Structure formats: C-alpha cells, structure tokens
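First the structure, which I've put down as structure tokens, then a few questions once you've had a look.
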Amino acid sequence: MTIDELTRLVRVRRSIRSFKPDPIPDDYIGKILEVARWAMSGGNGQPWEFIVVKDPDTRARIFELFKAYRQIGDVMENTRAPEMRHPITGTTSQGQPMFKNAPVIIAICGDPRTLQATVLHAQIVGSERETYHMNMANATFLIHLAAASLGLGAQWVSTSPEWEGKLKALLGIPEPIRVPQIAPIGYPDYKPAPPYRRKLEDLAHSEKYDMSRFRTDQDVVKFIIELRKRTTAAYHPAREG
C-alpha cells in the first residue's frame, strides 16, 4: 500500500450511524478481525478478543441496553447550553435507528491482566486507565479501517459501567474480561456527510510548540460550537429511500 492509498482510506472511513440490514459475507468479518489482531499493544500484550454477534435477538437486546444508557446521557447533555450539546442527544428518542439495523456487532473484549506484559512502571503509573485502553483503541481503530477498505461502515460505541455489566451478562463474558467498546458493522443506508478535520498548518509544529497556534479556553469553546454545526448531520443522517 502506498502512502496515497493509505491517505485515501483514512479519508474514506466514516463513523456510520444508520445501516442497511443486508448481511455481510463471513469472509469479510474474518478479514476485518485478521487486520485487528495485528494492532499495536504495550509490551505486545495483545489484550483483545472479539465476539461476533449476528443473532437478531441478541443484537436487538444490545441496542436496547445502549438506548437506555443514551437516555441517561440525554438528561445530562440537556443541562448544557444548546449550542454545546453533543449531536447524539435525543437521537434514539427521535427515532434515529443508530446501529439498530446493523447486521453484525463486534464486541471488542479485553483482558486487563495482559498489562503485566508492559514494564513495571507502566503497570503502576496510569495503569489500566492508559496503556490498556490505548491497546484496545488500536485494535478498534483497525477494525474501522478494515471495514472501510471493504466498502462497509462501522460505528465506535463506547460502553460505560451503566451498561457494560449487562452486556457482559448477555454475552456470557467472564471476569476479569472487559468490554470497553463495540463496533456495529454494515452497509451504510445513507451518504455520509463530508469529513471535517482541522487544517494541518493549524496543528503541526516545527522543533518547538508554536505559541501563535495555542488555543485559549475561549478558542476551544468556539471550536466546539463550530464543530457541533459541522457534525450534526452525521448524527441525524437522511436515510436512503
């Protein structure tokens, strides 16, 4: 793969929030997981394990767990000024399907005990809050890139203590295995909005930090408000048909 091909792939990748129910070939899932298992990890600890969920009833129950969690999140988000609220607020209550129709959900499991593969200092300083979660994020990101390379979409759905335990019970996941995120995968049922990224010249520095590019607290607030305007369509897509 050339650098231009890699650049094209990362630009094509989107976080998809509405899927067609069309099935995904089994070999596609195998290829996606083959890519994911080559992710980087501290000390090569490789904490990841993957549960591929296709059963419609199980997928529906996973979505209901997520939906209940989002309702809690909506209450919190609605305490913000409207222009600062995350665009996901109210999506489930407004009837947006999110990942409800995704034909496959990959539960990305991790074994925190593998942190012992890292040097002792990494185990003590930051511990699971850093190295372990970075390891899991690497595998998740590769799942998304692999899906994009196959013409599929994926959504990054983080769990929380409010529903991770229920998800583990549903999928029969033992202690101490964790499920920090899931990845619904399928064919998008809408055309994703154009991507938005900060310009390279605004975030790249040479030799030392260029203080002329330092953003004040107010600059960051303005950035988030503008970001909300740019990304709202990604969370409330107009579906095909």
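Charges at C-beta only: +1 for Lys and Arg, -1 for Asp and Glu. How large is the resulting dipole of the chain about its Cα centre, in Debye rounded to 20?
The dipole of the chain has a size of about 600 debye.
Let me have the relative contact order for the chain, percent, based on Cα pairs under 8 Å that are six or more residues apart.
32
Could I ask something else about it? Place +1 on the Cβ of every Lys and Arg and -1 on the Cβ of every Asp and Glu in the range 5-88, take the dipole about the Cα centre, and give the residue among 18, 78, 51 whose Cα lies farthest towards its positive end.
Ranked along the dipole, the leading option is 78.
OK, next. Quick check on packing: order 45-53, 167-175 by the mean number of other C-beta atoms within 10 Å, highest mean leading.
Highest mean packing first, the order is 45-53, 167-175.
Each residue of the range 160-172 in order: what ³J(HN,Hα) in whole Hz does its phi give by Karplus 6.51 cos²θ - 1.76 cosθ + 1.60, θ = phi - 60°, with x for Gly and Pro?
For the range 160-172, the Karplus-derived couplings read 8, x, 5, 10, 4, x, 5, 5, 4, 5, 5, 9, x Hz, x marking Gly and Pro.
Taking the Cα centre of the range 109-241 as the origin and placing charges on Cβ (Lys, Arg +1; Asp, Glu -1), which of 109, 185, 233 is farthest toward the positive end of the dipole?
The Cα lying farthest towards the positive end belongs to 233.
Also, I was wondering about something else. I need the phi-derived Karplus couplings for the range 73-84: 6.51 cos²θ - 1.76 cosθ + 1.60, θ = phi - 60°, integer Hz, Gly and Pro marked x.
x, 4, 4, 5, 4, 6, 7, 7, 4, x, 6, 9
Tally Lys/Arg at +1 and Asp/Glu at -1 over every other residue whose Cβ is under 12 Å from the Cβ of residue 74; what's the total?
In short, +3.
Right, here's the next one. What ranking, highest mean first, results for peptides 218-231, 191-204 when packing means the other Cβ atoms within 10 Å averaged over each residue?
218-231, 191-204
Turning to a different aspect of this structure: Starting from the Cα of residue 54, step 7 Å along the direction of its Cβ; do the same at residue 6; then give the gap between the two resulting points in nm.
Label-label distance for residue 54 and residue 6, simple model: 3.3 nm.
Roughly what % of DSSP beta bridges within the chain run antiparallel, to the nearest 5?
Approximately 95 percent, going by the DSSP bridge assignments.
Among 166/191; 20/168; 166/222; 31/100, which pairs are too far apart, with a Cα-Cα distance over 31 Å?
From the list (166/191; 20/168; 166/222; 31/100), the Cα-Cα distance tops 31 Å for 166/191; 166/222.
Still on this structure: Under 12 Å from the Cβ of residue 215, count the other residues' Cβ atoms, weight Lys and Arg +1, Asp and Glu -1, and hand me the total.
-1
For the chain, set up a Gaussian network in which alpha carbons nearer than 10 Å are linked by springs, and say which option among 211, 134, 84 fluctuates the most.
Between 211, 134, 84, it is 211 that shows the largest mean-square fluctuation.
If you don't mind, another one. Give me, ordered by chain and number, the residues 5 or more places off residue 181 or on other chains with an amide H under 5 Å from its own placed amide H.
108, 159
Could you tell me whether the chain comes out rounded, prolate or oblate from its Cα gyration tensor? Rule is a ≥ b ≥ c as square roots of the eigenvalues, rounded for a/c under 1.5, then prolate if a/b exceeds b/c, otherwise oblate.
Taking the square roots of the gyration eigenvalues as a ≥ b ≥ c, the chain is rounded.
No lab work stands behind these numbers, since they all come straight from the coordinates. Just so it is clear, the model here is predicted, and its values are computed rather than measured. Every residue, glycine among them, receives a Cβ derived from its backbone with ideal geometry; neighbour counts consider all protein chains shown.
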